[in-house]
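One structure is given below, encoded as structure tokens.
Where a number appears in this text, it was derived from the coordinates with a stated rule and is not lab data. On a predicted model such as this, the values are computed, not experimentally measured, just so you know. Heads up, the Cβs are rebuilt from the backbone with ideal geometry, glycines too, and the neighbour counts pull from every protein chain shown.
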Ligand code: PMP
């Protein structure tokens, strides 16, 4: 059969990350590449209990179709857990926050629409937006987040700006309070909607980050949240908080996409969460990730000594962004690193525009501290060899 592909399908590429993940599944490779939460942090016993409880108490509804908006008690629990007043009617349960990105794109983007993104930004968002054939526009960003003047200069006719204020994927950076206040005020003044993605916000090490952008101007923002990093990604559950003006359209898009997110998983998450489980569980994840982050920072300082390697220690999340010395191209470096048993993600795919070839993303959560030490030592060796060439 001669399948005639849609123009948008012609443009789709296999995710660079997925391709890399395939390589890293080979035995013997220490992968600092994937964005996988630590399986040690999955609350398996709590889910086993919740699973039995849900089936026993509410089995028929749990196995039945449900409302597209989501399971009401879960929507109420989400609204109650957010740090600004949220009406549960504005909460849409999604199949992961990745689906939130897809729905936002379907509802807000036409071919050629300008969509502003950070430099660099989450690759999965670029992929979710891309089938709508928008024009992604990179906004200059520094260690505190997006640069306000550049955002304002590019705001005209943009459908929205996509921002990750907390422990950003891929850079690990966090937007300061001052920058949040300035971004929020400037976006409101420019009439620029914000899509705020916050899957990592709870994974802080020493202190909670400043209030989300959405809390400052709920009518001008769509907020995306996720249970992937605080419970388990295999549940595929996230949520979206949307202003009343746009909620019905997002709901229609959700209906068309998958009718609703799994009834059973929604009830299990609600069952697990009730009685304050997250406030006991999440601190254990924070402590684990903090330890691993510190191990990676120490290993980088030790192993990369004398090389002009730049990185900023993250205050939470899962990722550390590294800029290697002049002359290194991390795409070319990756196969050499894999030969030595270590995998990372090159930084270039995370840029909507021209990528910085010296950058790479390391995850500090999936590998153990010993593995992190071994992997960073191997990486430093490959970098030194590459520089000697
Ligand atoms: N946004 C960002 C920034 C992410 O890093 C991820 C996961 N890698 C997602 C959204 C999607 O997460 P999920 O669909 O599992 O909620």
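Here are the numbers for this structure:
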read-out	value
Difference of contour (0.36 nm per residue) and Cα-Cα distance, residue 326 to residue 1	112.1 nm
For the range 63-113, projected area of the alpha-carbon convex hull averaged over all directions, nm²	4.9 nm²
Computed Kirkwood radius, in angstrom, where 1/r is averaged over Cα pairs of the chain	21.8 Å
Calculated P(r) of the range 278-332 - Cα pairs past 14 Å, %	61 percent
Length-normalised contact order of the chain in % [C-alpha pairs under 8 Å, at least 6 apart]	23 percent
Semi-axes of the equivalent ellipsoid for the range 115-210, Cα gyration tensor, largest first, Å	21, 17, 10
Potential lengthening between residue 142 and residue 284 on full extension [0.36 nm per residue; Cα-Cα distance subtracted]	48.1 nm
Calculated P(r) of the range 19-157 - Cα pairs past 20 Å, %	70 percent
The range 288-384: mean projected area of Cα convex hull, nm²	5.9 nm²
Peptide ranges 376-388, 104-116, 2-14, 79-91 listed from the most packed, as the mean C-beta count within 10 angstrom indicates	104-116, 376-388, 79-91, 2-14
Cα gyration tensor of the range 194-319 - equivalent ellipsoid semi-axes, whole Å, descending	33, 19, 14
Length added when fully stretched, residue 84-residue 55, from 0.36 nm per residue minus Cα-Cα	7.1 nm
